[in-house]
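Undergrad: I have a structure I would like to understand better, so I am pasting it below and will then ask my questions one at a time.
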Amino acid sequence: MKFPSGSDQDLLRLIGEYPLAWLVSARDGHFQAVPLPLLAETNGSGELVSLLGHCSRANPQAEHLRADPRALVLFSGPQGYLSPSLVRNPTWVPTWNYAVAAIEVDVTFVEEETRASVVQLSNAMEAELADPWTIDRASPRVEPMLNRIIAFRATVRAVHASFKLGQDETMEALTDLISGTGNASLADWMTRFNAERLSQGGAVTE
């Protein structure tokens, strides 16, 4: 089964809940891969058009990307091994479920947006806290720190997403897996991706 790429909303949820991505670039046969939190930017139709982030000016990847802006951004969401011990069917075999996305981008450094990129990221991460931190609280330290980083925008060229979340399982196996896995996030995503089947009692598939 070819697992679906999901909707625009599925992709945005993946990025929103799991914003730490690998930014991968290559130059002259040498690879650079750096984990960075990124924020999704959308158009008026709610489609992902770019990713906003920032990195250290001393990061050697910055030099790579100035020379060749093509890069690959890798997001990994909920994932986990699912054991046959969770399923009543004695012939069921183990599998691995996941939600992932590989996004081809062109990276442009936007120095004038460095402060804004930090503010937007911290605001997004702090949004659900009772007393959200703001950049103004660190005002004496902010400017020296900002001078050591630089913002970038990664414009999306292509998206390759895959959501393998139990869509190919029988209803019996699916319900066993959702209730049996101790991975709450994975169970939540499996439930959401099979919501229609679960709500209707779904037809058993083989």
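Undergrad: Looking only at helices (runs of 4 or more DSSP H) that lie completely in region 138-206, which have at least 2 residues being under 26 Å from the mean Cα position of the chain (by Cα) and either farther than 30 Å from Ala58 by Cβ or touching a residue at least 24 places away in the same chain (Cβ under 8 Å) (or both)? Give the derivation first.
TA: Values: elements: 139-146, 171-180, 184-193, 195-200.
The qualifying helices (runs of 4 or more DSSP H) are 171-180, 184-193, 195-200.
Undergrad: Looking only at region 32-51, count how many residues are in contact with a helix residue (DSSP H, G or I) (Cβ under 9 Å, 6 or more places away or on another chain), within 20 Å of Asp68 (Cβ to Cβ) and of a type outside the set (S, T, N, Q).
TA: Count: 4.
Undergrad: Please go through region 129-176 and give me each residue that is in contact with a strand residue (DSSP E or B) (Cβ under 9 Å, 6 or more places away or on another chain) and among the β-branched types (Val, Ile, Thr), ordered by number.
TA: Ile149, Ile150, Thr155, Val156, Val159
Undergrad: Could you give me the residue pairs with C-beta distances under 6 Å whose first residue belongs to region 85-96 and is in contact (Cβ under 8 Å) with a residue 12 or more places away in the chain, whose second residue is open to solvent by 50 Å² or more (accessible area, probe 1.4 Å) and of a type in the set (A, V, I, L, M, F, W, C) wherever it lies, and which are 6+ apart or on separate chains?
TA: Short answer, once both residue conditions are applied: none.
For every residue, the table says whether it meets (1) among the hydroxyl-bearing types (Ser, Thr, Tyr); (2) under 14 Å from Gly80 (Cβ atoms); (3) modelled with pLDDT of 95 or more.
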residue	(1), (2), (3)
Val159	no, no, yes
Met171	no, no, yes
Asp176	no, no, yes
Thr181	yes, yes, yes
Leu186	no, yes, yes
Met190	no, yes, yes
Arg197	no, no, no
Ala203	no, no, no
Glu206	no, no, no
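The values are calculated or read from the model by the stated rules, or taken from the named source; none is laboratory data. Bear in mind the structure is a predicted one, so any value in this text is a computation, not a measurement. Neighbour counts are summed over all protein chains in view; Cβ atoms, including those assigned to glycine, are modelled from backbone coordinates with ideal geometry. Calculation scope for accessible area: heavy atoms of the full protein, side chains included, ligands and nucleic acids excluded. Shrake-Rupley method; radii C 1.70, N 1.55, O 1.52, S 1.80 Å.
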